[in-house]
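**Q** Okay, handing you the structure first.
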Amino acid sequence: MEKDNLKEINLFQLIALFFSWLSNVVKGIFSFFGYLVRLTYRQFLVSIIIVGLSVGLGLYLSRPSARVYKAESMAMLYGSEAQTVKEICKPLENSISSSDICSLAVTLSIPDSVAKNIVSFQSFYVIDYLKDKVADVVDFDNNHSLTDTLNIKMKDRLYFRLLTKNISQIPIIQSAILNYFNNNSLLKTQYENKKSELLQEINICNTESELIDSLAKVSYLKDADRQIKFENNKLIVGEQKKQLFYEDLLSIQKAKSKAEIQLIDFKQPLDLLSGFVVIRTPINGSLKYGLISLLIGYIVSLLVSALLENRKGIVKYFKRK
């Protein structure tokens with residue numbers, strides 16, 4: 001009984017210690033924020049100047065002429081695999097606007113007035129979680145594990161993201177990007193080979209279907225050999241069953257239909273499902289950058305204010321031998 005009471009007392013003490021610690025943490029937090037408020041009040045002029053400069057810089061970076069918009073699209077690949085197209089994307093992703101050799105204007109064959117408004121071009125793998133050939137998520141971080149066999153990278157598509165300052169030029173850029181990929185010699189060769197393979201598969205299915213149909217007619221019309229046998233306590237004279245080729249014909253028709261459906265989409269090596277869709281909210285909007293610059297400015301002002309108030313101690317510290 002005494003041991004049980006001792007355990008209960010220890011538990012109550014533990015709970016009391018926890019609440020005491022929690023109370024001290026809350027008081028410490030309020031005390032810290034109170035110090036920041038007093039510091040801001042004492043160095044009010046410094047805080048106003050730094051915060052004002054920071055907000056001004058944020059608004060300048062988010063001015064209408066400097067706003068950047070995202071345009072995204074799913075790219076379907078016909079004949080080539082995603083990894084191959086990803087390599088062909090590198091000249092676009094690494095293009096430098098200031099370089100005459102590696103500029104987007106040269107790579108995409110577009111005017112400089114259009115190329116200078118393109119901030120960046122990015123491509124991402126698409127992940128299939130259920131292995132059902134349905135896109136589940138885009139790997140925006142490009143950190144999908146190569147050892148993960150449950151979530152696989154889809155081979156027939158990539159996700160494109162374009163950052164631009166002028167959304168009215170999106171149709172020109174889209175046309176240039178499609179022209180860049182669809183005129184690539186490697187992609188064109190792989191596209192033609194795959195298209196030829198599908199056409200050959202359809203021709204084989206047609207030939208096999210005709211052969212089986214002819215064989216079926218011969219088999220159906222062929223006279224059965226006279227046979228006498230007992231089956232289920234019945235006397236059967238002659239062949240009562242004919243071999244059918246329904247399953248063979250159905251299998252060939254399924255293979256042919258699958259190839260024909262694939263062939264319908266084979267219009268060019270790369271196609272954008274819906275074109276580049278523009279997200280109208282800029283990534284550097286005035287409200288967003290205003291709030292961020294306000295927060296950064298206030299933090300910087302607190303650091304500067306703390307340094308000013310403790311400058312004597314800091315000087316003494318550096319002078320100490």
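Every read-out reported here was derived from the displayed coordinates using simple, explicitly stated rules and does not represent laboratory data. The shown structure was predicted, so the numbers you read here are calculated from the model rather than taken from an experiment. Counting neighbours? That spans all protein chains shown, and the Cβs are built from the backbone with ideal geometry, glycine included.
**Q** Which parts of segment 260-301 would a label at LEU57 reach, counting a residue when its backbone N lies under 18 Å from a point 7 Å out along Cα-to-Cβ?
**A** Flagged as within label range: 284-301.
**Q** Run the numbers for LEU150 and LEU295: contour at 0.36 nm per residue of separation, minus the present Cα-Cα distance, in nm.
**A** Full extension from LEU150 to LEU295 adds 48.0 nm.
**Q** List PHE266, PHE181, PHE12 from most exposed to least, where exposure is judged by having the fewest other Cβ atoms within 10 Å. Write out the running numbers ahead of the final one.
**A** On the way: PHE266 16, PHE181 21, PHE12 10.
Fewest to most other Cβ atoms nearby, the residues stand as PHE12, PHE266, PHE181.
**Q** Next up: Please give the contour-minus-distance gain from SER120 to SER196: 0.36 nm per residue of separation, less the Cα-Cα distance, rounded to one decimal in nm.
**A** Stretched fully, the SER120-SER196 segment lengthens by 23.8 nm.
**Q** In addition: If you stretched the chain out fully between VAL106 and LEU273, how much longer would it get, using 0.36 nm times the residue separation minus the C-alpha to C-alpha distance?
**A** 57.5 nm
**Q** Given the pairs LYS90/LYS153; LYS116/LYS153; LYS153/LYS288; LYS153/LYS258; LYS70/LYS131, which span a C-alpha to C-alpha distance of over 25 angstrom in this model?
**A** LYS116/LYS153; LYS153/LYS288; LYS70/LYS131
**Q** Using the per-residue mean of other Cβ atoms lying within 10 Å as a proxy for protection, in what order, highest first, do the peptides 302-315, 198-211 fall?
**A** Ranked from most to least packed, the peptides come out as 198-211, 302-315.
**Q** Taking 7 Å along the Cα-to-C-beta vector as the label spot, tell me the ASN310-LYS133 distance in nanometres, rounded to one decimal.
**A** So the two model labels end up 6.5 nm from each other.
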